[in-house]
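A short write-up of the structure that comes next.
The values are calculated or read from the model by the stated rules, or taken from the named source; none is laboratory data. Only a predicted model underlies this, so the values are computations on that prediction, with no experimental measurement involved. Heads up, the Cβs are rebuilt from the backbone with ideal geometry, glycines too, and the neighbour counts pull from every protein chain shown.
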């Protein structure tokens, strides 16, 4: 594994890379604007830093697979951001783009999290406005971004919009001979007012899962359900997803540590704490949104953001260890804070505990008001299983 990381650096660039002996190198790049310029100035700042990161890592533009852009005001900023080089791509070089309203902290208008692949041949095809297919070593990876109902008039419920976004995802999977249960690895669900609309999404997602053969006796999907918004005025629910269309069941396992966390079904929600996808030379660990919760499903350390941060990070550590990985294997971390005034203390804590992990910290309320922080990430750990597919 190779690392190149500059925490809170003057150039604002944080990267981390995993190089495997068989499948090339995976790169994570995290950038946040300084927040002292207007939106065009911050876009230019991120574009410059992104170009510098690609140059430092010797990455061509065609190595880009996925970019998530966190913005502070989607309805007023999305059009300008979509016109930038961060979103636009050359013909024949599609990139999955997620554009979500979650104000970057401590006060920027724009932050970027990017994922690149190098060192081996990949083929990319845009299947639709929302779907990019990446083919690598015989496996097809489907990145689905920006799903929303596109609501321009009021009145649609979170239940109807949840059905809409999952219907789009299921339709994309079906066209590629995949299914929600067999192939979808990770979802990110964004709710415009999570305190009000979360339960409607959860109930509808549970019904959709049951209709598609995902039950407490089978499995669910790693997920984050968090405050966020797309650029349509009346959209309440938006979603991104990652699927592997050629998964061998031997590759898949689910992460938990029951000494710290109960199964989510115990409090009637429907996601996996984490999902591990194993390959011949590495294993990907997709850690769901994780908060300060005990073995009964109750919130702990009410009102204390640092103790909640430490406890949630302990859960992430336990989930990774259950799959043979460590915190040091995290390729990136996304941290959601309900109260932006907690940023400085949380940033200082994470910089000390995880100095080698690129982190993006944004404002995003968690599904229970008492949770002050939630975190998620993707870890890549070495794995030696020659009988499994190469990544």
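For region 286-305, taking the residues that are free of Cβ contacts under 8 Å to residues at least 60 places away in the same chain and in contact with a helix residue (DSSP H, G or I) (Cβ under 6 Å, 6 or more places away or on another chain), the one that is surrounded by the most Cβ atoms within 10 Å (Cβ to Cβ) is identified as 301.
Here the condition is being in a strand (DSSP E or B), surrounded by 22 or more Cβ atoms within 10 Å (Cβ to Cβ) and at pLDDT 95 or above; of 357, 335, 366, 316, it holds for 335 alone. Considering 273, 233, the condition of being surrounded by fewer than 17 Cβ atoms within 10 Å (Cβ to Cβ) and within 26 Å of residue 144 (Cβ to Cβ) is satisfied by 233 alone.
Residues in region 223-241 include at least one that is touching a residue at least 12 places away in the same chain (Cβ under 8 Å) and within 20 Å of residue 325 (Cα to Cα). Residue-level analysis places residue 320 among those that are touching a residue at least 60 places away in the same chain (Cβ under 8 Å), within 21 Å of residue 26 (Cα to Cα) and within 17 Å of the chain's Cα centre (by Cα).
Has region 325-340 got at least one residue that is closer than 14 Å to residue 274 by Cα, more than 18 Å from the chain's Cα centre (by Cα) and in contact (Cβ under 8 Å) with a residue 24 or more places away in the chain? Yes, that holds for at least one residue.
Would you be able to say whether some residue in region 82-103 is part of a helix (DSSP H, G or I) and within 28 Å of residue 34 (Cβ to Cβ)? There is at least one residue in region 82-103 that is part of a helix (DSSP H, G or I) and within 28 Å of residue 34 (Cβ to Cβ). When 352, 376 are screened for being modelled with pLDDT of 95 or more and either more than 30 Å from residue 20 (Cα to Cα) or loosely packed, with under 15 Cβ neighbours inside 10 Å (or both), only 352 passes.
When restricted to residues that are outside any loop (DSSP other than H, G, I, E, B) and surrounded by fewer than 19 Cβ atoms within 10 Å (Cβ to Cβ), region 55-75 contains 5. Considering region 1-21, the residues that are assigned to a loop (DSSP other than H, G, I, E, B) and surrounded by 15 or more Cβ atoms within 10 Å (Cβ to Cβ) include one that is modelled with the highest pLDDT, namely 12. Among 78, 52, which is more than 17 Å from residue 115 (Cβ to Cβ), at pLDDT 95 or above, assigned to a helix (DSSP H, G or I) and under 21 Å from the mean Cα position of the chain (by Cα)? The match here is 78.
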